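Accompanying notes for the structure given below.
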Amino acid sequence: MAVKLKVCGVTRAEDLAACVELGVDAVGINLWSGSRRGLSLTEAGALLRAVDPPRSLERVGVFVEPSAEEVRRAAETLALDLVQIVGAEEVTGYGLPYLWVVRGTPALAELLPPTPRPARALLDAAVPGYGGAGQTTDWAWAATAVQQLAGLEVWLAGGITPANAAEAIAQVRPAGLDVASGTELPGARRGEKDRAAIVALLAACRGLPD
């Protein structure tokens, strides 16, 4: 079964257009000003208008400790399909379909989906700050977590690159990969994407030769 791919932290029209052309499943639009990949709501709106991606490309808004009004305004303005909220209110989704972020390797006995039930779970590494550091999580733990959360779509993030994506898929068996730094050009200052990296990640997700 094919694994889905989300390219996170898209900031340029040419990168969003490449995601559409190549058949990426989802894009993450970072709306946190503290991130080098962060866009203002005005910038994000302009990005989407410039490309006008089809609705088949899932739009995920990424937030850090936002107010409910910020989330609602962004969801409406950008026609978001999911919200990914990190911080004190990350499990609520503010009444919208949301992605449950699990950072690090909490005790599996305590790994229970929050209420209201999330649209999917995302297993990510525990790093200082709010992620995006390119560090992998414990894949053996993640594989067990995927089994435990059967019935809930579980994606994997953290340090995934074209070089290790196939191994991550084989070990963890996630429903999807969520990749930010592993899709970027060397020395990218604002999340500029590397088309060849996206192609290679899609090949790994679809079980195709490089």
Handout entry: Alpha-carbon centroids, region 166-207 and region 59-86: separation in whole Å
Key = 23
Completion exercise
With label points set 7 Å from each Cα along the Cα-to-Cβ direction at residue 148 and residue 50, the distance between them in nm comes to 4.3
Completion exercise
Taking a crude spin-label model, label points 7 Å out from Cα along the C-beta direction, the residue 40 to residue 12 distance in nm is 2.1
Exercise for the section: Highest first, please rank the peptides 58-65, 106-113, 178-185 by the mean number of other Cβ atoms sitting within 10 Å of their residues. Expected result: 178-185, 58-65, 106-113
Handout entry: Prolate/oblate/rounded call for the chain, Cα gyration tensor, a/c under 1.5 rounded
Key = oblate
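May I ask you to derive the relative contact order of region 1-134, considering only C-alpha pairs under 8 Å and at least 6 residues apart, and to give it as an integer percent?
Working: 221 pairs, mean separation 21.3, N = 134.
Once normalised by length, the contact order is 16 percent.
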Completion exercise
Counting only residues 5 or more apart in sequence or on a different chain, those whose built amide H sits under 5 Å from that of residue 122 are 100, 101, 102, 155
Practice task
Using DSSP, restrict attention to beta bridges with both residues in region 4-205 and report what percent are antiparallel, rounded to the nearest 5.
Solution key: 5
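At 222 nm, what helix-only mean residue ellipticity would the chain give, in deg cm²/dmol to the nearest 500, using -39500 (n - 2.57) for each DSSP H run of four or more? Write down the numbers at each step before the final one.
Details: 6 runs with 61 residues, N = 210.
Only helices count here, giving -8500 deg cm²/dmol.
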Problem - Kirkwood Rh, Cα atoms: Rg over Rh of region 105-210 - result: 0.98
Exercise for the section: Evaluate E = 1/(1 + (r/R0)^6) for residue 126 and residue 21, where r is the Cβ-Cβ distance and R0 equals 30 Å; express this FRET efficiency to the nearest 0.05. Expected result: 0.30
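None of the figures in this text is laboratory data; all of them are computed from the coordinates on show. Quantities reported herein were computed from a predicted structural model and do not represent experimental measurements. Heads up, the Cβs are rebuilt from the backbone with ideal geometry, glycines too, and the neighbour counts pull from every protein chain shown.
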